[in-house]
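Data block below; observations after.
The values are calculated or read from the model by the stated rules, or taken from the named source; none is laboratory data. Computed from a predicted structure; not experimentally measured. All Cβ positions, glycine included, derive from the backbone under ideal geometry; neighbour counts span all protein chains shown. When the accessible area is computed, the model is the full protein with side chains, heavy atoms only, and any ligands, DNA or RNA have been set aside. Shrake-Rupley method; radii C 1.70, N 1.55, O 1.52, S 1.80 Å.
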Amino acid sequence: MGEALAEARLALEEGEIPVGAVAVDHGRIVGRGRNRRKLQEAPFAHAEMEALRDACASLGTWRLDGVTLYVTLEPCPMCAGAILQTRVGRLVFGARDPRAGACGSLVDLLRDPRQTHRCRVREGVGREEAACLLGDFFLLRRRTGQRKRLLL
């Protein structure tokens, strides 16, 4: 989770919502990602999507059965769908996202018994630091008058 938090800090330095992700296979980081929606002007440039794309390229396969994905914030429905589609074996996330979280907060796509693939989920790892990064980011945006609503 420390590496995912490092990615989140890099996103913060770039002016992005501070969410980071890393994909780990047998103890080795095979994918990294951080939010880059603003930088790339791309709605799909979420940390999880970047890390999953990187992991698939690194491993030479779209099936990430043995991979653990570490993310600082609970994945949204799009990212949870990508986790299911790539068959990620395990997800570990930090802070919950009550507005858009698809791993227990808003909905729970990864543990829905109707899915053909289920992913083991562990939450709360690194929660305090992840929540502080997000809280500081949004506090700064409010203080600087940038009230434009941002979606995670």
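From the list R63, R53, R149, exactly one residue is open to solvent by 80 Å² or more (accessible area, probe 1.4 Å), at pLDDT 95 or above and in a loop (DSSP other than H, G, I, E, B). Which is it?
Of the residues listed, the single one that is open to solvent by 80 Å² or more (accessible area, probe 1.4 Å), at pLDDT 95 or above and in a loop (DSSP other than H, G, I, E, B) is R63.
Residue check: is E3 under 26 Å from G135 (Cβ atoms), free of Cβ contacts under 8 Å to residues at least 12 places away in the same chain, surrounded by fewer than 23 Cβ atoms within 10 Å (Cβ to Cβ) and among the charged types (D, E, K, R)?
Considered against the rule, which asks whether it is under 26 Å from G135 (Cβ atoms), free of Cβ contacts under 8 Å to residues at least 12 places away in the same chain, surrounded by fewer than 23 Cβ atoms within 10 Å (Cβ to Cβ) and among the charged types (D, E, K, R), E3 comes out as no.
Surrounded by 15 or more Cβ atoms within 10 Å (Cβ to Cβ), out of contact with any Cys (no Cβ under 7 Å at 6 or more places or on another chain) and either assigned to a strand (DSSP E or B) or of a type in the set (K, R) (or both): is that true of L134 in this structure?
Values: surrounded by 15 or more Cβ atoms within 10 Å (Cβ to Cβ): yes; out of contact with any Cys (no Cβ under 7 Å at 6 or more places or on another chain): yes; either assigned to a strand (DSSP E or B) or of a type in the set (K, R) (or both): no.
No; evaluated as a whole, the condition is false for this residue.
I'd like to check something: does the range 75-89 contain any residue that is open to solvent by less than 40 Å² (accessible area, probe 1.4 Å), more than 23 Å from A11 (Cβ to Cβ) and at pLDDT 95 or above? If you could, list the steps in order and put the result at the bottom.
Initially, the range 75-89 is screened for residues open to solvent by less than 40 Å² (accessible area, probe 1.4 Å), giving 75-76, 79-84, 86, 88-89.
Pick out the ones that are also more than 23 Å from A11 (Cβ to Cβ) and you get 84, 89.
So of that shortlist, the ones also at pLDDT 95 or above come out as 84, 89.
Looking through the range 75-89, at least one residue is open to solvent by less than 40 Å² (accessible area, probe 1.4 Å), more than 23 Å from A11 (Cβ to Cβ) and at pLDDT 95 or above.
Give me the residue from the range 90-119 that is of a type in the set (A, V, I, L, M, F, W, C) and assigned to a loop (DSSP other than H, G, I, E, B) and, out of that set, surrounded by the fewest Cβ atoms within 10 Å (Cβ to Cβ). Spell out the reasoning first.
Step one: list which residues in the range 90-119 are of a type in the set (A, V, I, L, M, F, W, C), which gives 91-93, 95, 100, 102-103, 106-107, 109-110, 119.
Still in the running and assigned to a loop (DSSP other than H, G, I, E, B): 100, 102, 106-107, 109-110, 119.
Working: A100: 17, A102: 22, L106: 17, V107: 13, L109: 22, L110: 22, C119: 21.
Here the answer is V107.
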